[in-house]
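Data first, discussion second: the structure below is written as structure tokens.
The values are calculated or read from the model by the stated rules, or taken from the named source; none is laboratory data. Note that the coordinates shown come from a computational prediction; the quantities given were computed from them, not determined experimentally. Note that each Cβ is placed from the backbone with ideal geometry, even for glycine, and that neighbours are counted across all protein chains shown.
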Amino acid sequence: MIRVGLVGEDPNDTSAIKNLLDKKYGGIVRFYPLVKGIRGHQLDSPKIRRALPVEFEDSGCKFVVYIRDLDGFKSQDDKLAAKQNWFKELDATVNKQGLLLLNIWELEALIFADIDTFNRLYKTNHTFKKDPMLIIDPKEALKALTSNKKYEESHCPEIFKHLNIDEVIKNCSCFSEFITEFDKKVS
């Protein structure tokens, strides 16, 4: 069993990605959330550079998946460069073999890649055919789609358990690129 660490801005993010990746890799990969006490902008602090190498070594992980939100478009070069630089610096504290899953706005955009599952769970009837990474505020868009059972951020891990990973790969270019690199790491 390959051990892979997960580092994210929020425990909901790491749990959601774990739930989604388990669908495809559950038989060969075991995921371990690392630096669980560090959230949001604390990922930019020196504290994580001290804690991550220790937890990484203790967990016996082969590599780390870093889950971050760009909170902008890929065309915003300054934001993109800052996140890529953050990734390189933090990844250097472990084995320089990590993968960055950079969500253009927010992790919730991946839900739009399999909107049929969301429709079924929330009894909505939304259609979506574009690249979900182009949605400016996915959390608010999901909230606006729901009425009886309102979408909340804390629902993400449960929703991701139900998403069809093949649909997400097919409909989201960012996630598809990530999976291609992930496959190389675990093969």
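Key figures
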| quantity | calculated |
| --- | --- |
| Out of Leu6, Leu34, sole residue that is under 20 Å from Glu153 (Cβ atoms) and hydrophobic (A, V, I, L, M, F, W, C) | Leu6 |
| Selection status of Glu167, of a type in the set (D, E, K, R), touching an Asp or Glu at 6+ places or on another chain (Cβ under 8 Å) and not in a loop (DSSP other than H, G, I, E, B) | yes |
| Condition met for Lys161 (loosely packed, with under 13 Cβ neighbours inside 10 Å and out of contact with any Gly (no Cβ under 8 Å at 6 or more places or on another chain)) | no |
| Conditions (1) outside any helix (DSSP H, G or I); (2) over 23 Å from Lys83 (Cβ atoms): number failed by Lys161 | (1) |
| Meets criteria (of a type in the set (A, V, I, L, M) and more than 21 Å from Asp10 (Cβ to Cβ)) for Leu90 | no |
| Residue match in the stretch 10-24 (condition: among the small types (Gly, Ala, Ser) and within 16 Å of the chain's Cα centre (by Cα)) | yes |
| Some residue of the stretch 3-12 being modelled with pLDDT of 95 or more, surrounded by 19 or more Cβ atoms within 10 Å (Cβ to Cβ), among the polar types (S, T, N, Q) and not in a loop (DSSP other than H, G, I, E, B) | no |
| Single condition Lys129 does not satisfy, out of (1) assigned to a helix (DSSP H, G or I); (2) more than 17 Å from the chain's Cα centre (by Cα) | (1) |
| Lone qualifier among Asp69, Asp77 - being of a type in the set (Asp, Glu) and within 13 Å of Gly8 (Cα to Cα) | Asp69 |
| Qualifying residue in the stretch 86-106 (condition: at pLDDT 95 or above, closer than 24 Å to Ile28 by Cβ, under 18 Å from the mean Cα position of the chain (by Cα) and among the acidic types (Asp, Glu)) | yes |
| Checklist (1) under 18 Å from Glu181 (Cβ atoms); (2) modelled with pLDDT under 95 applied to Gln42, failing item | (1) |
